[in-house]
Structure formats: C-alpha cells, structure tokens
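Some notes on the structure that comes next.
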Amino acid sequence: MNRRGFTLVELIAVLVVLALLLLLVSGTVSNIINKAKVDISDAQEKSILNAAEKWSIDNSDFFDDTEGNKIQIGLDVVFILDMSGSMGTVDVYNESGNRISRNKAMIDAVNEAMLILGEGENTRMAIVLYGSTGITYLPLANYKTTNGQYIYNSGRYIYASTGLLKDGSPYSKSRQNLSGCTYTQIGISTGANILLNNSDTQNRIPVMIMLSDGAPSYGHTNYKNVGTTKNVGDCMTAGDQHSAYYTIKSAKYYKEAVKAHYNNATTFFYTVGFSLDSGSYEEVVLNPTPELVENLKSNRNSIARGLTNYLNNDPDKDFSYADASYIGKMDADTLKTVFSEISTTVVEASKVTLVCVTVQELYDKGYLSTNDVDLADGQAASEYVLMSYNEPTNQYKYSFARTDEQKRTCQEYLEAQEG
C-alpha cells in the first residue's frame, strides 16, 4: 500500500483554499457584526430621541425662551408677480396723492418685503413673473442689496437693482416688460416648481406669495402638470370659469406637493388681489374658502355661476389653499403694508427656540435605561440632542447635533445654563 505524503504543490494548494475560505467566512461574519452594530445604533438613536421628547414635556419651561435662544431657520420664499399688460394701468395713489402704475406699486411693495426677509442669513428668495407665460426672473438664492433696492420699476419694465448681490456676488439681470394676459395658473406652476426642484429642504420653510390684478385669462386642464401651454380661456375676455377652476385646482395641488417635498414642513401660500373687488369670483380664485364658495352661488355673474357649477360637481369640497388673502382696491401705501405684514409673519414663523440636552443627562434623569443605550464606552454619553420649538406653529423637533456648528451651539447653550 502506497502511503506517500503531500507534495509541496498540493500543500500550497490546500493552504490557498483554506485562506480563501477563511477570508470569505471572516468577511461574512464581519458584515453580520457591522450590520448588528448599525441596527443597534439606529435602535439607540430612536430610544434617545423618544427620551428627549419625554424630557421636553417635563421641562417645558426651558422652551419659554427666557434665555434668548431663538434662532431663525431657513426660509425659501418665492414671489409670484403679475406682469400682464393691465399692471401698467396708472390708477394707484401713492403716499403723496399722485397716481402711479400698478406695476410700480407692486414692485415697491415687494422691495419692502424683500428688505425684511433679506435680513435673515439663511433666507433664500426667488421672483417669478407671469403674464401670458411664466418666467423665473430671479432664481432661488440668498440675495442682499447694497443700495436698499432689490428690484425697481421704470415705466412698463422691472429691473434688477445695480446693488443686488446673489450669494455674495454682484448679480445682473436683463429687464422684463409687462406683456400679455393673466395666466395665473402658470405663475403658480413656475413658482412651485422652483421649490420642488430644490434638493436642500432640510429645516427650511417654503413660502409662496402671489399677486394678481385680475381674473385668470388662460388655464390648462392638466392642473398637475401645466407645462408652458394653455388649452382653456381667451385673452380677449375678462376671464372664464374654466381658467378659474383649474387655477384653483393647481394652487391646492402645488401647495400640497411643495409641503410633501419639504418633509411636511409648515408651508405658506399668501395671495394678494390687487385692484380687485371683494366678494367677486376673482376673490374666490385667490381665496376659495368654503364661505366664499358658498357666497358665490348668489353671484349673478355668468362666470361666477359657471365656476360654482365646477366646484359643486368636484368631489373635493375643500378647495382652500391660501393661508391668508388680501383683496381690495388698495393704494400704494396699503399694498406696501400688506407685503410687510406677510414678510414679518413669515419671519416670526421661522424662529425657533433651541434647547440642548446630553444623552448622559437623559440617562442620569431616568429617561433612558441601560437597555436603551450602552454608555460604557462614553461615546454615546458625549452626544448632544438638539430640540427646537416653533411657537407660531406649536411644533417640536428632535435631532442629534451632527455638524460642528450644531455642537458648538449646544456647548454654548449648556455653558449658559450652568452659568
């Protein structure tokens, strides 16, 4: 019987196979261990944030902002401005008693609002102009001004100010003139899509502020995807029920879409009916509350009756989308006050009170147990939990301090508390 041993080549081959098997097994085991670590980490984070919520309920007085811990979170504000031909009408009185164009009154009012909003370092703004079509005049960015004006009016034109800074750099834009009829729906679509195409939505509040001086002349039946075309309405008439109905549908749809895109953040949509009659069907387009829709039934206007039929036959009985609406025959000073009020309200709504707590404190105070989080290595104990409270919306948010700036904010807050 031949009992020869392994040859050197065979021995090397066996060792290679064993090494490959060991590498494969160790890699699989390592993946399992790493996955387990990730799962444990996710579970711990959930427990910690739940503990922070319980802590905030028991320590609600910390959110009264007695220490001045309010900061302004990000704002994304889009102005949707009527630049149809009728905005050139010279029928608005300014503070000196002189008549000026609707266009100038609007631009002066928007400037006032932008000056208030522009004080926030984390505020971005955009301007959409619409007439027979919609264009983005100023893209979404952080704008500042060196001469007190963001935009200005001259005749039938809008200009970007020579003192305009976009994200810190001088910015110029060609003038845009008044033109065409009132395609309100495409203005809404263009403005909303600026926000929907924005990927940086974390801890930001989206806002749309729209002004119109008349009934919609055009509309599109595909209210979820307006595009650049129109298939209902007539520029030669003073609006129609079809355009009005689909404008309302688009406004509500796009507001909800923007809200979802911004992680269900508080979303504002303000409308201004400039030189419009209160109680008219034009007001219903800009502010379709149940009360105004009901009142529309008694309106003798044929377009109003047609719009009523549309709304009554729609299965969605709640068409409201405007958070506030301002309608009326305003002078220039009143319009400026309206835009100032809107911008001030938005700024206040974006302010939150920040409170920080360490994981160690949550553990020491009994909000966490050893089953919730392992503090043996000390790493979890050094984590900060960042809590914010927004008084106007009565919303609390809980997260970990991830960035260096957030960690520094928490360190300063806790040092102030100890002091």
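The values are calculated or read from the model by the stated rules, or taken from the named source; none is laboratory data. Because the structure is predicted, anything quoted here is derived from the model rather than measured. Cβ placement follows ideal geometry from the backbone for every residue including glycine, while neighbour counts extend to all protein chains displayed.
Of the set (1) touching a strand residue (DSSP E or B) at 6+ places or on another chain (Cβ under 6 Å); (2) part of a loop (DSSP other than H, G, I, E, B), all apply to T201 but (1). Of all the numbered requirements in (1) under 15 Å from V258 (Cα atoms); (2) in contact with a helix residue (DSSP H, G or I) (Cβ under 9 Å, 6 or more places away or on another chain), Q202 misses one, and that requirement is (2).
In the stretch 87-138, which residues are farther than 24 Å from Y254 by Cβ, crowded, with 17+ Cβ neighbours inside 10 Å and either among the polar types (S, T, N, Q) or not assigned by TED's automatic domain parsing to the domain that holds C181 (or both)? Matches in the stretch 87-138: S101, N103, N111.
Counted as qualifying within the stretch 326-419 are the strands (runs of 3 or more DSSP E) with 2 or more residues that are touching a residue at least 24 places away in the same chain (Cβ under 8 Å), over 20 Å from I48 (Cα atoms) and not hydroxyl-bearing (S, T, Y), namely 351-358. All told, S280 meets the bar of being assigned by TED's automatic domain parsing to the domain that holds I303, farther than 21 Å from Q395 by Cα and surrounded by fewer than 24 Cβ atoms within 10 Å (Cβ to Cβ).
Here is the figure for the stretch 110-133: residues that are assigned to a strand (DSSP E or B) and out of contact with any strand residue (DSSP E or B) (no Cβ under 6 Å at 6 or more places or on another chain) total 1.
Could you check the stretch 157-170 and list, in sequence order, the residues that are part of a loop (DSSP other than H, G, I, E, B) and surrounded by 17 or more Cβ atoms within 10 Å (Cβ to Cβ)? Across the stretch 157-170, the qualifying residue is only S161.
Could you tell me whether the stretch 198-212 includes any residue that is at positive phi, touching a residue at least 60 places away in the same chain (Cβ under 8 Å) and in the same structural domain as L129 (by TED's automatic domain parsing)?
To start, the set of residues in the stretch 198-212 that are at positive phi comprises 203.
Narrowing the set further to residues that are touching a residue at least 60 places away in the same chain (Cβ under 8 Å) leaves 203.
Next, only the ones that are in the same structural domain as L129 (by TED's automatic domain parsing) stay: 203.
The answer is yes; a qualifying residue exists.
Within the stretch 268-293, the residues that satisfy the criterion of being closer than 16 Å to N312 by Cβ and of a type outside the set (V, I, T) are Y281, P288, P290, E291, L292. Sub-8 Å Cβ pairs linking a first residue in the stretch 174-193 that is closer than 20 Å to A260 by Cα to a second residue that is surrounded by fewer than 24 Cβ atoms within 10 Å (Cβ to Cβ) and among the β-branched types (V, I, T), at least 6 apart or interchain, are T190/I135; T190/T136, ordered by first then second residue.
For the stretch 232-262, filtered to residues that are buried (at least 18 other Cβ atoms within 10 Å of the Cβ) and among the charged types (D, E, K, R), the residue that is nearest to I80 (Cα to Cα) is K255.
The residues listed here are T182, T247, T228, T271; of these, the one that is assigned to a loop (DSSP other than H, G, I, E, B) and under 22 Å from N301 (Cβ atoms) is T182. Mind listing whichever residues of the stretch 61-118 are closer than 16 Å to A332 by Cβ, in contact (Cβ under 8 Å) with a residue 12 or more places away in the chain and of a type in the set (K, R)? Of everything in the stretch 61-118, those that are closer than 16 Å to A332 by Cβ, in contact (Cβ under 8 Å) with a residue 12 or more places away in the chain and of a type in the set (K, R) turn out to be R102, K104.
The single condition among (1) more than 30 Å from I71 (Cβ to Cβ); (2) crowded, with 16+ Cβ neighbours inside 10 Å; (3) under 20 Å from the mean Cα position of the chain (by Cα) that Y152 does not meet is (3).
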